[in-house]
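Enquirer: Pasting a structure here, questions to come.
The values are calculated or read from the model by the stated rules, or taken from the named source; none is laboratory data. In this text the structure is predicted, and so the values were computed from the model without any measurement. Here the Cβ positions follow ideal geometry from the backbone for every residue, glycine too, while neighbour counts run over all protein chains shown. To get the accessible areas, we keep the full protein, side chains included, count just its heavy atoms, and leave off ligands, DNA and RNA. Shrake-Rupley method; radii C 1.70, N 1.55, O 1.52, S 1.80 Å.
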Amino acid sequence: MGADPASDFGSDLPGPPRQTAAKRDAGGRRIDAPKYRVGQPVDVEDSVRLWSDARVAAVDAARGMVKVSYAGWSDRWDEWLETGSARIAPAGTRSYRAGRRAAPGQRVEARDERGDWLEAEVLDARPDAAFVHYKGFHRKFDEWVPHGAGRLRQFGRRDDEGGDAAPAPDEPEEAA
């Protein structure tokens, strides 16, 4: 094993996060970082540069750090970020939320033509639809998914939550 762990696994791994000087008050507390509370929903840019739903799992105000837990992922993927990091945004501003238009770069779950919910990335968007790529599938399966058709939902919603629209009152519920 070499002295540099990254050299053992390839040179494409990111280096350690850069520490930036933070403004502090007379007591040494950061004054330029947003305030977070445990349980607060946030949007976080993950390690593959896609915005994801997350919640604040812990706050270390003395160090100016926040621990985030990604929706739909085990706590193995939780990570500490600086409170002023550009990778953290207010909830619903960077990740897809039902009832809103999807935007390029968002990670979503999309219902394919068989009715299965699959992880997808929004590649393009227009007012009436989102063009999605299904993770792990050939690009020939990429498709436009109409907004409001109940075929898009927030990534990590692996329960019975619906997509971007509920069935009309006169439509029967689908049997599971």
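Enquirer: Quick one: in the range 66-78, of everything that is in a strand (DSSP E or B) and either polar (S, T, N, Q) or at pLDDT 95 or above (or both), which residue is most open to solvent (accessible area, probe 1.4 Å)?
Expert: LYS67
Okay, residues lined up against (1) modelled with pLDDT of 85 or more; (2) part of a loop (DSSP other than H, G, I, E, B); (3) surrounded by 13 or more Cβ atoms within 10 Å (Cβ to Cβ):
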site	(1), (2), (3)
TRP80	yes, no, yes
ALA89	yes, no, yes
ALA110	yes, no, yes
ARG114	yes, yes, no
GLU119	yes, no, yes
PHE131	yes, no, yes
GLY150	yes, yes, yes
PRO167	no, yes, no
GLU174	no, yes, no
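Enquirer: For the range 138-148, which residues satisfy the criterion of being surrounded by 13 or more Cβ atoms within 10 Å (Cβ to Cβ) and not in a strand (DSSP E or B)?
Expert: Matches in the range 138-148: PHE141, ASP142, HIS147, GLY148.
Enquirer: Another question about this same structure. Which of the following residues is among the charged types (D, E, K, R) and touching a Lys or Arg at 6+ places or on another chain (Cβ under 7 Å): ARG111, ARG100? Steps first, please.
Expert: Details: ARG100 fails: touching a Lys or Arg at 6+ places or on another chain (Cβ under 7 Å).
Of the residues listed, the single one that is among the charged types (D, E, K, R) and touching a Lys or Arg at 6+ places or on another chain (Cβ under 7 Å) is ARG111.
Enquirer: Tell me which residues, restricted to the range 38-63, are at pLDDT 90 or above and either surrounded by 19 or more Cβ atoms within 10 Å (Cβ to Cβ) or assigned to a strand (DSSP E or B) (or both).
Expert: PRO41, VAL42, ASP43, VAL44, GLU45, ALA54, ARG55, VAL56, ALA57, ALA58, VAL59, ASP60
Enquirer: Turning to a different aspect of this structure: Any idea how many residues of the range 111-147 are small (Gly, Ala, Ser) and under 19 Å from ARG100 (Cβ atoms)?
Expert: Residues flagged as small (Gly, Ala, Ser) and under 19 Å from ARG100 (Cβ atoms) within the range 111-147 amount to 4.
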